Amino acid sequence: MSRLADLRFRAATTFQRRVGNPVLRRLPLQTVLETTGRVSGLPRHTPVGGRRVGDSFWLVSEFGERSQYVRNIKADPRVRVRIRGRWHPGTAHLLPDDDPVARLRGLPRLNSVGVRAFGTDLLTVRVDLDG
C-alpha cells in the first residue's frame, strides 16, 4: 500500500472509530452491520451504506480486507443487518471478483461518494438474508 493510501486509511478509520460510528450507529434508521468480534466474541456494530435487493443486502467495504468488519466476517460469516430499524439475520459473502465501482452505482449515492473518495481497496460484500 502506498504511503498516501496508508495515510488515508489511518485518517478515515480513526475518524470513523472515534466520531462517525459512535454517532451513526445510535441513529434508529441508520443501516448497521453486526458481526461477531473474531477475538472477543462480542457483537460489533458498524454503520454501513448499502441496499437491500430481494433477499440480499449489498455493500462495498472501502478498505477491503483491512476493514475490521471484513476480518470478522472472514472468521464468522453469520451476521445481522439493521435495515430501517429492524434486524435481519444472514450470511455474509466477500466477493473479490465483483466490480465494486460498478456495484457502488446501484447503492445509495451519498455513501458511495464517500466510499470512492476515501476507499483504498474496495471490496463488495453480499449478505444473504434469512427469510
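The values are calculated or read from the model by the stated rules, or taken from the named source; none is laboratory data. Nothing here was measured: the structure is a model prediction, and the numbers come from that model. Virtual Cβ from ideal backbone geometry, glycine too; neighbours counted across all protein chains shown. Calculation scope for accessible area: heavy atoms of the full protein, side chains included, ligands and nucleic acids excluded. Shrake-Rupley method; radii C 1.70, N 1.55, O 1.52, S 1.80 Å.
Worth pointing out:
- Strands (runs of 3 or more DSSP E) contained in region 48-131 and holding at least 2 residues of a type outside the set (Asp, Glu), free of Cβ contacts under 8 Å to residues at least 40 places away in the same chain and open to solvent by 40 Å² or more (accessible area, probe 1.4 Å): 86-95
- Restricting region 21-47 to residues that are among the charged types (D, E, K, R) and modelled with pLDDT of 90 or more, the residue that is least open to solvent (accessible area, probe 1.4 Å): GLU34
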